[in-house]
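Visitor: Below: one structure in structure tokens.
Every read-out reported here was derived from the displayed coordinates using simple, explicitly stated rules and does not represent laboratory data. Since the model is a prediction, treat every value here as computed from it, not as a measurement. Because the Cβ atoms are built from the backbone with ideal geometry, glycine has one as well, and the counts that use them run over all protein chains shown.
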Amino acid sequence: MKDKIKITGTDYVRLSALISTLKKSRNGEPDNLTVLSEEIVRAERVDPQQISPEVVTMNSTVEIVDLDTNKLMTVKLVYPKDADFKKGNVSILSLLGSALLGYKVGSKVSYKVPMGKKEMVIKNIVYQPESNGEYDV
């Protein structure tokens, strides 16, 4: 069984609307939308002012370690319009983005890749909007 994840009510509403819009317009990768949908449905919804600073929320900047290469990467979890992997901006619609949402520092997350499964550990949250009093980003 997967670990319980937490997301803010604001993230839940926005992501639900995004998924609904993309499904209706038939944009986006159907498999990725399904993964994200399943993640947010199973998540415990928390008031943005009550979410732990240790939890990855939308627009968080996170240090992750690739368990295959032991490489440390810093990524920001963003909405699709802001995605730019070269800048470290990872879309929530990517499998990595969906895997990070709602997990906390120290969690091991995994997601499917063409050659099997990729595993990462969340090492640190460099920036989380809610812990900085930003509830509408």
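Visitor: Cut-off 10 angstrom, C-alpha nodes, Gaussian network model of the chain. Which of Ile64, Ile19, Ile92 fluctuates the most?
Guide: Top of the fluctuation ranking is Ile19.
Visitor: Using each residue's phi in region 75-86, evaluate 6.51 cos²θ - 1.76 cosθ + 1.60 at θ = phi - 60° and report the 3J(HN,Hα) Karplus result to the nearest Hz, with x for Gly and Pro.
Guide: 10, 10, 7, 10, 6, x, 5, 9, 5, 6, 4, 4
Visitor: Let me ask something else. What's the longest piece of the chain with no exposed trypsin sites (Lys or Arg not before Pro), counting a site as exposed if DSSP puts it in a loop and it has at most 12 other beta carbons within 10 Å? Could the numbers behind the result be given before it?
Guide: Numbers: sites that count: Lys2, Lys4, Arg26, Lys71.
Within the chain, the longest run free of exposed trypsin sites (Lys or Arg not before Pro) spans 72-137.
Visitor: A further question follows. Please identify every one of the GluC sites (Glu not before Pro) in region 70-137 that sits in a loop by DSSP and has no more than 16 other beta carbons within 10 Å of its own beta carbon.
Guide: Answer in residue order: Glu134.
Visitor: Still on this model: Order these by the 10 Å Cβ neighbour count, fewest first: Thr69, Thr74, Thr8.
Guide: In order of increasing Cβ crowding within 10 Å: Thr69, Thr74, Thr8.
Visitor: Continuing with the same structure: Provide the net charge surrounding Met73, with neighbours chosen by a C-beta distance below 10 Å and charges set as Lys +1, Arg +1, Asp -1, Glu -1.
Guide: 0
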